[in-house]
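The values are calculated or read from the model by the stated rules, or taken from the named source; none is laboratory data. This structure is a prediction, so every number in the text was calculated from the model and none was measured. Cβ placement follows ideal geometry from the backbone for every residue including glycine, while neighbour counts extend to all protein chains displayed.
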Ligand code: TRP
């Protein structure tokens, strides 16, 4: 899989609870939050990695569909150590 393919692929995030945050982190020397999108339960965001975005952080309970497979993020209140 080449870089172009990685950059062109979308990730789909579906919120399973209210107030899931999808946070974009900057590409380059500095890794900073540059955008935060709040999703309520059932809302879907379709996003790409871009020239500006090298990482995506998800806070809260959501399903994430990527070209590599599916993964579910948990919210703190659902995590086993709480
Ligand atoms: N302006 C941002 C960009 O082009 C928009 C964006 C793309 C984004 N992918 C994202 C924002 C993922 C948050 C999360 O990079």
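Quick notes
- Selection status of residue 56, within 13 Å of residue 10 (Cα to Cα) and either surrounded by 15 or more Cβ atoms within 10 Å (Cβ to Cβ) or without any contact (Cβ under 8 Å) to a residue 12 or more places away in the chain (or both): yes
- Whichever residue in the range 7-22 is within 14 Å of residue 73 (Cα to Cα) and over 11 Å from the mean Cα position of the chain (by Cα) and, among such residues, is nearest to the ligand (Cβ to nearest atom): 19
- Flag for residue 25 being within 16 Å of the ligand (Cβ to nearest atom) and at pLDDT below 95: no
- Residues (more than 23 Å from residue 76 (Cβ to Cβ) and not in a loop (DSSP other than H, G, I, E, B)) located in the range 51-62: 53, 54
- Residue in the range 63-82 that is surrounded by the most Cβ atoms within 10 Å (Cβ to Cβ), counting only those that are in a loop (DSSP other than H, G, I, E, B) and modelled with pLDDT under 95: 75
- The range 35-50, subset in a loop (DSSP other than H, G, I, E, B) and near the ligand (Cβ under 7 Å from one of its atoms), residue surrounded by the most Cβ atoms within 10 Å (Cβ to Cβ): 49
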